[in-house]
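Okay, so here's the structure we're looking at.
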Amino acid sequence: MGGQSTRMGSDKAFVQWQGQTLLEKAIDHLSGITEDIYLSVNAEQYDLLHDEYACIQDRYPDKGPLGGILSALEILKEDLIVLAVDMPNLSAACVKDLIGASKDSSTITCYQYKQAIQPFPSYWPVQLLPKLEQTVLNNHLAMIKFIVAQQPNLIPASDSDLFNNFNRPDDLIE
């Protein structure tokens, strides 16, 4: 969540779509799967959300998604399932399949549609912490490049709509 939402023009987490905010939709994807839901947030989002949600404030501002994932791994010290707030078409079944495919994995697990790796949702084992820390501290912030370097478990996906992310107001038009 900790992104800047510059193309959207406002914080994506609070954008309304189909009667819910994108944040509420993302949390719904985890309903019935886990109660342990943490939001990776920037300082401004932390101020707005920490009373209502378990928030992890980004320790690496301006380091993109890898900085947020690193912050969460450092604080929680456990494996993570990572979702993006701007993917409202994702399904709980997709998340459950990811969890099943990542059991006992020591590397990232994510989806692949055709030849394209989908970085979210994804499974991140805590064992990656040293490699991820080195990568972020060296400012190598290309997420797909990092994922590929880890020789990820790739789950074939047949529906690209699940991975559509909403970046601009036009994306909200149904």
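The values are calculated or read from the model by the stated rules, or taken from the named source; none is laboratory data. What you see is a predicted model; the values in this text were computed from it and never measured. Cβ coordinates were reconstructed from backbone atoms using ideal geometry, including for glycine residues, and neighbour counts include every protein chain displayed.
Numbers for the structure displayed
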read-out: Hits in the range 119-151 - residues which are under 21 Å from I37 (Cα atoms) and in contact (Cβ under 8 Å) with a residue 40 or more places away in the chain; value: P119, F120, P121, S122, Y123, W124, P125, V126, L128, L129
read-out: Residue within the range 53-65 that is of a type in the set (A, V, I, L, M), at pLDDT 95 or above and within 12 Å of the chain's Cα centre (by Cα) present; value: no
read-out: Some residue of the range 25-44 being surrounded by fewer than 19 Cβ atoms within 10 Å (Cβ to Cβ), in a helix (DSSP H, G or I) and aromatic (F, W, Y); value: no
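Condition check ((1) surrounded by fewer than 16 Cβ atoms within 10 Å (Cβ to Cβ); (2) of a type outside the set (V, I, T); (3) not in a helix (DSSP H, G or I)) across all residues:
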{"position": "R59", "(1), (2), (3)": "yes, yes, yes"}
{"position": "E74", "(1), (2), (3)": "yes, yes, no"}
{"position": "P88", "(1), (2), (3)": "no, yes, yes"}
{"position": "C110", "(1), (2), (3)": "no, yes, yes"}
{"position": "I117", "(1), (2), (3)": "no, no, yes"}
